[in-house]
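Each value in this text was obtained by applying a stated rule to the coordinates, not by laboratory testing. What you are looking at is a predicted structure, and each value in this text was computed from that prediction instead of being measured. Cβ placement follows ideal geometry from the backbone for every residue including glycine, while neighbour counts extend to all protein chains displayed.
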Amino acid sequence: MNQTVDQTPRVPVHVSIIMDGNGRWARERGLERVKGHFEGVKSVRACTEAAVEAGVKYLSLFAFSEENWNRPAQEVSSLMGLMMKSIAEECATLMENGVRFRVIGNFERLSPTLREAIAGLEEKTRDNSRMTLVIFLSYSGKWDILQAAKALAADYSSNPSGLEELSLEDFDKYLSTAGIPDPDLLIRTSGELRISNFLLWQAAYTEFIFSDVLWPDFGKERFREALAEYARRDRRYGKVK
Ligand code: IPE
Ligand code: IPE
Ligand code: MG
């Protein structure tokens with residue numbers, strides 16, 4: 001192959017999604033916001049299937065931010081209930097499709113029951129290798145960087161001069177996403193043009209796609225279109241081609 005041709009792999013290894021717009025989807029139909037979250041689960045299924053079919057290795061979904069704890073208690077508890085329900089219902093499909101399940105976030109405020117359910121599904125699916133589905137739950141990018149900095153400070157407290165040798169790759173290992181490649185593509189639905197404290201460090205060179213479609217309407221076809229758009233992008237990483 002000609003060396004000057006862009007050799008970026010055409011299928012992203014890691015696709016990340018800020019699933020936004022469930023509340024507006026429901027309101028537009030005169031329904032309670034929580035109905036939008038329920039409908040959003042269908043899009044999660046569809047995109048997971050499409051990602052597996054396309055050969056994506058990591059699909060990560062921003063399901064609940066640390067800031068989302070500030071929503072009305074009833075919405076928060078519905079969302080946690082939905083998480084419990086999905087864990088119970090999706091196990092068989094994940095096993096059939098060879099999908100490993102992981103959850104990342106600040107678990108301090110999660111109920112012990114939910115934590116157990118998460119750990120159970122992570123354990124059951126741990127040997128699945130076709131794709132990893134990562135759910136970001138009670139996550140924020142600043143929390144992640146701060147917890148990494150704290151763990152790093154503790155590790156180096158007796159050896160401060162070791163910090164001089166610290167590389168970016170070493171720092172990566174302290175993040176909650178250690179071992180997961182940075183996202184190649186980040187999709188945000190619902191027309192909002194912001195990152196809302198999601199993957200701040202990890203999205204340094206990620207390609208962004210902002211879609212006006214509300215998350216429950218996103219589905220398989222839109223996901224495929226996003227992959228096609230990614231394939232047309234030219235990733236330069238600051239270099240000249
Ligand atoms: C995304 O939909 C789901 C979560 C943040 C939990 P929203 O609930 O933010 O829906 P909108 O943005 O209010 O429409
Ligand atoms: C971001 O959506 C968080 C998730 C999708 C889980 P929000 O709806 O919470 O973000 P803002 O408030 O519009 O920035
Ligand atoms: Mg929103």
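Taking the mean number of other Cβ atoms within 10 Å as a proxy for protection, how do you rank 107-116, 217-226, 35-44, 164-173 from highest to lowest? It would help to have the intermediate numbers written out before the result.
Values: 107-116: 12.4, 217-226: 18.2, 35-44: 20.1, 164-173: 10.5.
Averaged packing, sorted descending, gives the order 35-44, 217-226, 107-116, 164-173.
Taking 0.36 nm per residue of sequence separation and subtracting the Cα-Cα distance, how much length would be gained by fully extending the chain between residue 150 and residue 76, in nm to one decimal? Walk me through the numbers before you get to the answer.
Working: separation 74, 0.36 × 74 = 26.64 nm, distance 2.84 nm.
Once the chain is fully extended between residue 150 and residue 76, it gains 23.8 nm.
With the cut-off at 20 Å, tell me which of the pairs 42/220; 57/150; 57/85; 142/239; 150/173; 35/85 have Cα atoms farther apart than that. Mind dumping the intermediate values first?
Working: 42/220 10 Å; 57/150 30 Å; 57/85 25 Å; 142/239 28 Å; 150/173 13 Å; 35/85 14 Å.
Over 20 Å Cα-Cα: 57/150; 57/85; 142/239.
Measure out, as a whole number of angstrom, how far apart the alpha-carbon centroids of segment 11-44 and segment 127-147 sit.
So the separation of the two Cα centres works out to 19 Å.
Return the equivalent ellipsoid semi-axes of the chain as a descending list in whole Å, where each equals the square root of 5 times an eigenvalue of the C-alpha gyration tensor.
Details: eigenvalues 160, 124, 66 Å².
Largest first, the chain gives 28, 25, 18 Å.
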